[in-house]
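What follows draws every value from the coordinates through simple rules; no lab data is involved. Predicted, not measured: the structure shown is a model, and the values here were computed from it. Don't worry about glycine lacking a Cβ; one is built from the backbone with ideal geometry, like all the others, and counts go over all protein chains shown.
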Amino acid sequence: MLDTLKTLCALDGVSGDEGKVREYIQGRIEKHVDEFSVDAMGNIIAFKKGSRKTDKTVVLCAHMDEIGIVVTSIADDGYLKFAISGGVDNRVILGKTVFIGEERVFGVIGCKAIHLVSERDREKATEVVDMYIDIGAKNKEEAEKLVSLGDTGAFSNDVVEFGDGFIKAKAIDDRFGCAVLIGLIESDIPIDCWFVFTVQEEVGVRGATTAAFRTQADIALIIESTTAADFPSVSQNKKVSIVGKGAVIPFMDGGTIYDKELYALLTGIAEEHEVPWQTKNVISGGTDAQAFQRSRAGVKTAGIAAPVRNLHSPSCVAKISDLEAVNDLVTKFLHSFE
């Protein structure tokens, strides 16, 4: 699972441009499933037979896309102006590097040097409108040979294991969930199950909205990453979850009140099998769960997530033991239907 995660995080797949991620996942799973399709949105929808059928249609879901940038204009001097794709804090992207478009054109995000900024303006975060991307082009004509309007750019960042069992990478949200699903598909599973890898989650759960109708789920389990906010400067009541304390089983977030029976089932499984777990202490964020829960006449929906520091940034940080706890809990959830 960890090796798969590292490979997935190294791929570029900004919302609406998930092709490289989709191609990799397809190559891994297609021979292991009984049905496989890619819908008009670009979601992967696959069905795998398990040891037995169930009277409920069970769907596991993770999203393929990541936060990034979109080129919106090219200045006469060759600099690129851009917009943000997904929820990104302006403070974390200055000075970061990106790879843009199919050719992975290298660029550096910059702004006016601090020597030229007034003392008052230094006290606030630089707005995206005041930033630019330098791709080393001498003018607009040269830049237009390299990039086009609408090209997406993914943050560049190495995958690094460090410290006491930590991993740093871009796009852990939600390539981690994708890695968990790939592992299940490549193994023997106890029940028939649908696996959905969605697009455009970061810009409004758009892929899940259509995939939910296609799969006709009775039960949906969303495997995600969630913010930790467990830094020393954050008061205890605002620490959403804690890295190192295990899988996060939310009862509610900004888009979903999770099914109480499934929440009780998941927490009970974790307790019975001594899988470390926690819940979210702050109601925040949102996932593909909201699309599944509200589809058709409603779907019983639950979530399991890995706590991640610096979520929606080029340098997400997670603890490998938490990732393993989520993987373990998802597997045991499927076995609970036996």
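Work out, step by step, the length gained on full extension between Lys81 and Asp130: first 0.36 nm times the residue separation, then minus their alpha carbon distance; give nm to one decimal.
Separation in residues times 0.36 nm, less the Cα-Cα distance, equals 16.8 nm.
Run through the stretch 240-314 and list the GluC sites (Glu not before Pro) located in a DSSP loop whose Cβ has at most 10 other Cβ atoms within 10 Å. Kindly include the intermediate steps, with their values, before the conclusion.
Numbers: sites: Glu261, Glu271, Glu272, Glu274; in loops: Glu274.
Those satisfying the criteria are Glu274.
Put +1 on the Cβ of every Lys and Arg and -1 on every Asp and Glu Cβ in the chain; which of Phe36, Ala143, Val88 then has its Cα farthest towards the positive end of the dipole?
Val88
Within the set Lys81/Lys138; Lys168/Lys319; Lys280/Lys332; Lys6/Lys168; Lys96/Lys238; Lys170/Lys245, which residue pairs have Cα atoms separated by over 19 Å?
Lys280/Lys332; Lys96/Lys238; Lys170/Lys245
Excluding residues fewer than 8 places away in the same chain, name every one of the aspartates and glutamates whose C-alpha is closer than 16 Å to that of Lys49.
Glu30, Asp34, Glu35, Glu186, Asp188, Asp192, Glu338
Roughly how many debye, to the nearest 20, is the charge dipole of the stretch 68-155 about its Cα centre, given +1 on each Lys and Arg Cβ, -1 on each Asp and Glu Cβ, and no other charges? Display every interim value, and only then the final one.
Details: 11 positive and 15 negative charges, 49 e Å.
Value, rounded to 20: 240 debye.
Positive end of the charge dipole of the stretch 154-197 (Lys, Arg +1 and Asp, Glu -1 on Cβ, about the Cα centre): tell me which of Gly183, Ser156, Cys193 has its Cα farthest that way.
Ser156
Relative to the Cα centre, what is the charge dipole magnitude of the chain, using +1 at the beta carbon of each Lys and Arg, -1 at the beta carbon of each Asp and Glu, and rounding to the nearest 20 debye? Don't jump to the answer; show the numbers that get you there.
On the way: 37 positive and 51 negative charges, 101 e Å.
In total the dipole reaches around 480 debye.
For the stretch 44-197, state the average projected area of the convex hull of the C-alpha atoms over all orientations, rounded to one decimal in nm². Don't skip to the end; give the middle numbers.
On the way: hull surface 53.5 nm².
Across all orientations, the stretch 44-197 yields a mean hull projection of 13.4 nm².
Based on the Cβ-Cβ distance from Glu102 to Glu141, what FRET efficiency comes out when R0 is 25 Å, to the nearest 0.05?
The computed FRET efficiency comes out at 0.80.
Once Rh is set to the Kirkwood radius over Cα pairs, what Stokes-Einstein translational diffusion coefficient, in µm²/s, holds for the stretch 68-155 at a temperature of 10 °C and a viscosity of 1.306 mPa s?
Values: Rh = 13.2 Å.
Using the Kirkwood radius from Cα pairs, D works out to 120 µm²/s.
What full-extension length gain, to one decimal in nm, is calculated for His273 and Ala297 as 0.36 nm per residue of separation minus the Cα-Cα distance? Don't skip to the end; give the middle numbers.
Numbers: separation 24, 0.36 × 24 = 8.64 nm, distance 3.35 nm.
That works out to 5.3 nm of additional length.
Could you point to the residue in Ile100, Val21, Thr54 farthest towards the positive end of the chain's charge dipole, with +1 and -1 charges on the Cβ of Lys/Arg and Asp/Glu respectively?
Going by the Cα projections, it comes out as Thr54.
Is there a quick way to get the dipole size of the stretch 51-206? I mean about its Cα centre, with the Cβ of Lys and Arg at +1 and of Asp and Glu at -1; what is the value in debye to the nearest 20?
Values: 18 positive and 28 negative charges, 35 e Å.
The calculation lands at about 160 debye.
Pull up the cross-link candidates among the aspartates and glutamates for Lys124, meaning alpha carbon to alpha carbon under 18 Å and not fewer than 8 places away within one chain.
Correct list for Lys124: Asp89.
Could the peptides 28-35, 6-13, 71-78 be put in order, highest first, of the mean number of other beta-carbon atoms found within 10 Å of their residues? Mind showing how you got there, number by number?
Values: 28-35: 14.1, 6-13: 21.2, 71-78: 15.6.
The most tightly packed comes first, giving 6-13, 71-78, 28-35.
Between Glu35 and Glu161, what length comes free when the chain is fully extended (0.36 nm per residue of separation minus the Cα-Cα distance, one decimal in nm)? Walk me through the numbers before you get to the answer.
Details: separation 126, 0.36 × 126 = 45.36 nm, distance 3.57 nm.
Here the segment from Glu35 to Glu161 would lengthen by 41.8 nm.
Could you state the orientation-averaged shadow area of the convex hull built on the Cα atoms of the stretch 290-334, in nm² to one decimal? Walk me through the intermediate numbers first.
On the way: hull surface 17.1 nm².
Computed as one quarter of the Cα hull surface, the answer is 4.3 nm².
Given only helices, namely DSSP H runs of n ≥ 4 each adding -39500 (n - 2.57), what is the per-residue ellipticity at 222 nm of the chain, to the nearest 500 deg cm²/dmol?
On the way: 8 runs with 83 residues, N = 338.
Value at 222 nm, helices only: -7500 deg cm²/dmol.
Scattering from the C-alpha atoms of the stretch 145-230 alone, worked out with Debye: what is log10 I(q)/I(0) at q = 0.22 1/Å?
Result of the Debye calculation: -1.24.
Arrange the peptides 146-154, 48-56, 194-202, 218-226 so that the one whose residues have, on average, the most other Cβ atoms within 10 Å appears first. Numbers along the way, then the final one.
Numbers: 146-154: 19.1, 48-56: 13.1, 194-202: 26.6, 218-226: 25.0.
Going from most to least packed, we get 194-202, 218-226, 146-154, 48-56.
What ³J(HN,Hα) values, in whole Hz, does the Karplus curve 6.51 cos²θ - 1.76 cosθ + 1.60 give for the stretch 55-62 when θ = phi - 60°, with x put for Gly and Pro?
For the stretch 55-62, the Karplus curve yields 7, 10, 8, 9, 10, 10, 9, 8 Hz.
For the chain, give the share of DSSP beta bridges that are antiparallel, in percent and rounded to the nearest 5; count only bridges with both residues there. Write out the running numbers ahead of the final one.
On the way: 38 of 60 bridges.
Just about 65 percent of them are antiparallel.
For the chain, what is the Kirkwood estimate of the hydrodynamic radius, computed as the reciprocal of the mean inverse distance between distinct Cα atoms, to one decimal in Å?
On the way: mean 1/r = 0.0484 Å⁻¹.
Taking every pair of different Cα atoms in the chain, averaging 1/r and inverting gives 20.6 Å.
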